[in-house]
Amino acid sequence: MSGLFKRQNVFDPGADWAAPILWYARGVKAMKARKLEDPTSWYFFGAMHGIWRELWDFYNITASADAGPKPSDAATYVDQCQHQSWYFLPWHRGYLIALENMIRHEIKLQNGPHDTWALPYWNYFGTDQNVLPPEFRTADWPDGIGDNPLFVEQRWGPLSSSTPFDVNSQTNPDPVGHPDFVGPGGGGSAGFGGLETGFNHGGGTNGELEMDPHNIIHGLVGGGHPTLSFPDGRPLPGLMSNPRTAGLDPIFYLHHCNIDRLWESWNNFPIGKPATKPTDWQNPTAPKWLNGPASVGEREFAMPNPDESKWVYTPQKMQDITELGYEYDDLTPGAIARPITLAARMANLGLTAVVGTQAGGLTMTKVEMIGASAGRMSLAGSGTMRSSVKMEPTGRARVSESLSAKPLAPALPDRVFLNLENVTGLHDAVIFQVYVGLPDGADPAANKGYLAGSVSLFGVSQASDPAGKHAGNGITFTLEITKVIDKLHLDHDFDVDKLSVDFVPLGNIPNAAKVSIGRISIYRQFE
């Protein structure tokens, strides 16, 4: 063919079961006809993202008698997904391309439109698109009764049916507003794309796009079973709720296609590039990122081709989607149409458009802790839970000075970050919102000005495993609270010894989930 494969919004073709989604279903069906041990099977592709064989068998997705991947294939491909890492975006881009190539191969074998077909995306931010696409909701489809390959029973979240869910109430409506791919970390920003890591299958600190909307959508779709549980009382997880089952759900790939689209939107955004430094809205240039973890002696990124040969790729090869042969029909990012002037951008970002630098930049970003909680906090139940952070007076005063209308020394205002450190738990479907400085007795829903953000514990159970790479230290979530702190400062509510932090769960957090936060801390990031 000539030109590029065009990935389209799954809701745009018009009628249900339009050609892009119908041929996707037919390709998925063909892949599902093969066993787990086959590198071209649906189940093998799921295992590349992560495998929880006991649960797969319990859900009758695989049979206990089925052979697993061959040892050599397992070492090359299985448990490969990158999370809490600056490799999150490029690894998943390669994963989508491999799946797309496999589906396209199946379409060709069925004499379908393989020379034009591309994977659709699900833009849950779009108008009337905050609902599971209809082709995924029922077991019937145009080619049969009761055997729709896109339907899975294990979807139990609020975004798993024909009932619309207010996605914007739980997600960041401006997912591409942060200009730095990699943040300084250490309590400060993790950046749009995540912190520098080696090969990282899970555990550590989420990048901004991975945390929201990526993790949130996983939890909203997958959820947990309303009545069935493990013997210890934990709800059974929906497939999308856990990294070790997520790749088995066909909606996973449309969700990640949208995450990939948001990365491309970020790379092409804002119009006219009103950047304040050369690295704004640019991918990393560090050799370790460009060449991937294999360049430092760790695992390579590898996918099976339809002929079972191995395709090896690096982040450097994943940067230009036109060179990869595809494009998107629309790059509108989230629910907010971003302004393109620097003044308007700074106003809409809470005066945070200029942040630090990468190596080789003009200034040095610094991070300082200005408050911390007393110790570990458990989260359980369905009501609001409160903790507090003891503030360090000098650091708090520095933040107030930087936010004042007439600072003593002209400088960019501090950015302020709330860290939920070393969050551990046994149930990945948990979602909660975090409020900072909420007045006593105030209704959180009516006081969104104090909202720091939403957190989904996607990946927490594996990151809490003491035998894992991170020794059970869990996941750290970093939320920018500059706007909230600025509001408290203007309202004269920031000059306090302790700052309240409230947690509002979406649904119930069961005691058996054993969710706890190691420490709640607040950091200022400045130049």
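The values are calculated or read from the model by the stated rules, or taken from the named source; none is laboratory data. Note that this is a predicted model, so its numbers are computed, not measured. Using ideal geometry, Cβ is built from the backbone for each residue, glycine included, and neighbour counts are taken over all protein chains shown. Accessible surface areas use protein heavy atoms only, side chains included; no ligands, DNA or RNA. Shrake-Rupley method; radii C 1.70, N 1.55, O 1.52, S 1.80 Å.
In the chain, a dipole from Cβ-located charges (positive for Lys and Arg, negative for Asp and Glu) runs towards its positive end, and of P413, V436, I259 it is P413 whose Cα lies farthest in that direction.
Two tests apply to each whole DSSP H helix in the chain, Cα reach of 20 Å or more along its axis and mean Kyte-Doolittle hydropathy of at least -1.0, and the ones passing both are 88-109, 251-267. For segment 97-167, a Kirkwood hydrodynamic radius built from all Cα pairs, placed in the Stokes-Einstein relation at 4 °C and 1.567 mPa s, yields a translational diffusion coefficient of 92 µm²/s.
Approximating the spin labels as points 7 Å out from Cα along Cα→Cβ, the S169-to-E392 distance works out to 3.9 nm. Label reach from K32 (point 7 Å along Cα→C-beta): in segment 230-268, amide nitrogens under 12 Å belong to 248-251.
When each of the peptides 32-39, 62-69 is scored by the mean number of other C-beta atoms lying within 10 Å of its residues, the order from highest to lowest reads 32-39, 62-69.
Each peptide in 133-139, 206-212, 71-77 receives the mean, over its residues, of other Cβ atoms within 10 Å, and ordering these scores from highest gives 206-212, 133-139, 71-77. Calculated accessible area for the chain comes out at 38 Å² per residue, all protein chains present (probe 1.4 Å; ligands, DNA, RNA ignored). Surface composition of the chain: carbon plus sulfur atoms hold 52% of the accessible area, using a 1.4 angstrom probe and ignoring ligands, DNA and RNA. Given R0 = 25 Å, the distance between the Cβ atoms of D495 and A374 translates into a calculated FRET efficiency of 0.75. Other residues within the sphere of radius under 9 Å centred on the Cβ of S461, judged by their own Cβ, net out at 0 (K and R +1, D and E -1). Between segment 196-255 and segment 1-76, the C-alpha centres lie 17 angstrom from each other.
Kirkwood hydrodynamic radius computed over segment 134-252 comes to 16.3 Å, based on all pairs of distinct alpha carbons. For the listed residue pairs K32/K310; K317/K366; K6/K277; K277/K317, the alpha carbons are over 29 angstrom apart in K317/K366; K6/K277. Each Lys and Arg adds +1 at its Cβ and each Asp and Glu adds -1 at its Cβ; summed about the Cα centre, the chain shows a dipole of about 760 debye.
Partner aspartates and glutamates whose Cα lies under 15 Å from the Cα of K498, excluding those fewer than 8 positions away in the same chain, are identified as E392, D440. In the chain, taking the dipole from charged Cβ atoms about the Cα centre, the farthest positive-side position among L490, G27, N148 is held by L490.
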